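S.K.: The structure follows.
The values are calculated or read from the model by the stated rules, or taken from the named source; none is laboratory data. Note that the structure is predicted; figures quoted are calculated from it, not measured. Virtual Cβ from ideal backbone geometry, glycine too; neighbours counted across all protein chains shown. What goes into the accessible areas is simple: the full protein's heavy atoms, side chains included, and nothing from ligands, DNA or RNA. Shrake-Rupley method; radii C 1.70, N 1.55, O 1.52, S 1.80 Å.
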Amino acid sequence: MPPVHSGIRLLLVAKFNQRYHRTGSALRDALAALGCNVVTVEERTRGLHALLRRPLERRLAAAIRTHRPDLVLVFKGASLGPEVIDHLRGKGAALWVNWFPDGPHLLDLSLRIGRAYDRCFIFDTSMVDRHRAIGRTADYLAEGFDPGYHRPLPDASWGRERIAFVGTHEPLRAHALETVRDLGLATWGPGWSRGPLFGDDFVRAFSNADVALNLHQFFGEASGTGRYGTGANRRVFELAGIGTVQLCDAKADIERNFSAGREIVLFRSTGELREQAQWLLGAPEDRRVIAARARERALAQHTWRHRLEELLAATLR
């Protein structure tokens, strides 16, 4: 039996770069596996496109004219203004869908560009509510992961860490991470002394640690700013796929996807962060069991293919 979405002509607008922007390619491959006839358009105007003066609007217009898509799916699309989409709608009959993968600190951007789309999918329920409050068609859609990339990757040559964190250095994060620095924390990412990780080194850092620490942006910030939100970041799903027990701040939407205590370990304060870290470091069998449950559920429910099946079913019904 052919895939359920066989024959759907789909235009995917995203960033495609295996070093910095792997998600675009993972979405393309998952759509193809679902039977879609996928054509991609790079959101950024760089390299040859910049040299030949081929801006995004012109490249999109050409792709719509040639491919005649049933659906245009834009992954974030910060540089694609609503007035451009208004103009491009006249060149075909496609539905336009936005999947916005950033949190409430970019709420104004999501609201501004969201008005041009037939439907918006957002990973943060607090942002979904804001879109719906002004009459937009918006749905919750969690982030996901690529099981071909985010997988266990033990490597004796890498060296073993007690706790691994990979993410951008920010003052609030740095303050929280100091709580567990003496427990054997290793940090990578922009602004940290070890610098960022790419490719399989990113996976190895977590796969060869006892505990994978995930700390959302703006954790610890005063609630009145509204920037912390509810959405589980992409790392929640990536770490589940990698198969190391995850210790994460308790964003409200996480428990829509994983069971606290059984598949992920959560904390709500820096004091609780330290307590949970100490417990996990002293409980190797609990670490193994929790990590195995999380990986099993991630593979069964949380890959990019699962997300796109949900998105296509909701959009094309």
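S.K.: Put ILE290, ILE134 in order of accessible area, largest first, 1.4 Å probe: what do you get?
M.R.: On the way: ILE290 10, ILE134 100 Å².
In descending accessible area the options line up as ILE134, ILE290.
S.K.: Which aspartates and glutamates, if any, have their Cα less than 18 Å from the Cα of LYS91, not counting same-chain residues under 8 positions apart?
M.R.: Reachable aspartates and glutamates: GLU57, ASP70, GLU83, ASP118.
S.K.: Could the peptides 116-125, 33-42 be put in order, highest first, of the mean number of other beta-carbon atoms found within 10 Å of their residues? Don't jump to the answer; show the numbers that get you there.
M.R.: On the way: 116-125: 22.2, 33-42: 17.8.
The densest-packed peptide leads the list: 116-125, 33-42.
S.K.: At a 1.4 Å probe radius, which order do ARG256, ARG274 fall into by accessible area, largest first?
M.R.: Details: ARG256 135, ARG274 65 Å².
Heavy-atom accessible area, descending, gives ARG256, ARG274.
S.K.: How far is helix 270-281 tilted off the main Cα axis of the chain, in degrees rounded to 10, range 0 to 90?
M.R.: 70
S.K.: Then there is this: Angle, helix 284-301 long axis vs. longest principal axis of the chain, Cα atoms, 0 to 90°, nearest 10?
M.R.: 10
S.K.: Relative to the longest principal axis of the chain, what angle (0 to 90°, nearest 10) does the C-alpha long axis of helix 22-33 take?
M.R.: On a 0 to 90 degree scale, this one is about 60.
S.K.: If you wrap the range 27-124's Cα atoms in a convex hull and average its projection over all directions, what's the area in nm²?
M.R.: Values: hull surface 27.3 nm².
Taking a quarter of the hull surface, the average projection is 6.8 nm².
S.K.: Still on this structure, please answer the following. Report SER110's accessible area, 1.4 Å probe, all protein chains in place, as a number in Å² to the nearest 10.
M.R.: Here the residue's solvent-accessible area equals roughly 0 Å².
S.K.: If THR137, THR179, THR303 are ordered by their accessible area, calculated over protein heavy atoms with a 1.4 Å probe, which sequence runs from highest to lowest? Kindly include the intermediate steps, with their values, before the conclusion.
M.R.: Numbers: THR137 70, THR179 35, THR303 15 Å².
Putting THR137, THR179, THR303 in descending order of accessible area: THR137, THR179, THR303.
S.K.: Okay, next question. What accessible area per residue, rounded to a whole number of Å², is obtained for the chain using a probe radius of 1.4 Å?
M.R.: On the way: 14060 Å² over 317 residues.
Computed with neighbouring chains in place, this is 44 Å² per residue.
S.K.: Can you figure out the FRET efficiency of ARG46 with GLU178, using R₀ = 35 Å and their beta-carbon distance, to the nearest 0.05? Walk me through the numbers before you get to the answer.
M.R.: On the way: r = 38 Å, r/R0 = 1.08.
It comes out at approximately 0.40.
S.K.: Can you give me the solvent accessible area of TYR228 with a 1.4 Å probe, rounded to the nearest 10 Å²?
M.R.: 60
S.K.: Follow-up. If R0 is 41 Å, what FRET efficiency do you get for ILE134 and THR168 from their C-beta distance, rounded to 0.05? Intermediate values should be presented prior to the final figure.
M.R.: On the way: r = 31 Å, r/R0 = 0.76.
Calculated transfer efficiency: 0.85.
S.K.: What are the lysines whose alpha-carbon lies under 22 Å from the alpha-carbon of LYS15, with same-chain residues fewer than 8 places away excluded?
M.R.: By straight Cα distance, LYS15 reaches LYS76.
S.K.: A follow-up question, please. With every protein chain in place, what's the accessible area of HIS87 (1.4 Å probe, Å², nearest 10)?
M.R.: 100
S.K.: Could you tell me what percent of the accessible area of the chain is made up of carbon and sulfur, with a 1.4 Å probe and every protein chain present?
M.R.: Numbers: 6930 of 14060 Å².
The nonpolar share, carbon plus sulfur, comes to 49 percent.
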